[in-house]
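See structure below.
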Amino acid sequence: MTYVVTESCIKCKYTDCVDVCPVDCFHEGPNMLVIDPQECIDCTLCVAECPVEAIFAEDDVPAGQREFIALNAELSKNWKQIIERKDAPADADEWAKATDKKKLLER
């Protein structure tokens, strides 16, 4: 089993999770992060660090978010690995509670 970043991360892109990842499995896109399922060791450390609760165990991804399992696998192949915490976008807090953000995903 792997962990999956879901829709809540879009336009927030907090990187608290990156700091605690022992294997550097996060990859950064223009407006969200994803987890490389081939690198994730299922340690669970990132889950508690995500301020918008965007990270789930693959088996626990909510039904309406299941497509993010494949998106994480696909996008992690193309996006650059991120290994250090960065400042969140200036408007991240404004997007933190927004829903229906998938259409805003930038590839």
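The values are calculated or read from the model by the stated rules, or taken from the named source; none is laboratory data. Fair warning: this is a prediction, and the values are worked out from it, not measured in the lab. Cβ: placed from backbone, ideal geometry, glycine included. Neighbour counts: every protein chain shown.
The condition (being at positive phi, under 13 Å from the mean Cα position of the chain (by Cα) and at pLDDT 95 or above) is satisfied by just one residue among GLU53, GLU49, GLU58: GLU53.
Scanning region 1-20 for residues that are free of Cβ contacts under 8 Å to residues at least 40 places away in the same chain and buried (at least 19 other Cβ atoms within 10 Å of the Cβ) returns a single hit, CYS17. Taking residues in region 31-52 that are in contact (Cβ under 8 Å) with a residue 12 or more places away in the chain and among the hydrophobic types (A, V, I, L, M, F, W, C), and partners anywhere that are surrounded by fewer than 16 Cβ atoms within 10 Å (Cβ to Cβ) and part of a strand (DSSP E or B), the pairs with Cβ atoms closer than 9 Å and at least 6 places apart or on different chains are VAL47/ALA57.
Applying the criterion of being in contact with a helix residue (DSSP H, G or I) (Cβ under 8 Å, 6 or more places away or on another chain) and in a loop (DSSP other than H, G, I, E, B) to the residues of region 40-73, the residue that is surrounded by the fewest Cβ atoms within 10 Å (Cβ to Cβ) is GLU53.
Residue count for region 79-102 satisfying the condition of being part of a helix (DSSP H, G or I) and either under 13 Å from MET32 (Cβ atoms) or of a type in the set (A, V, I, L, M) (or both): 3.
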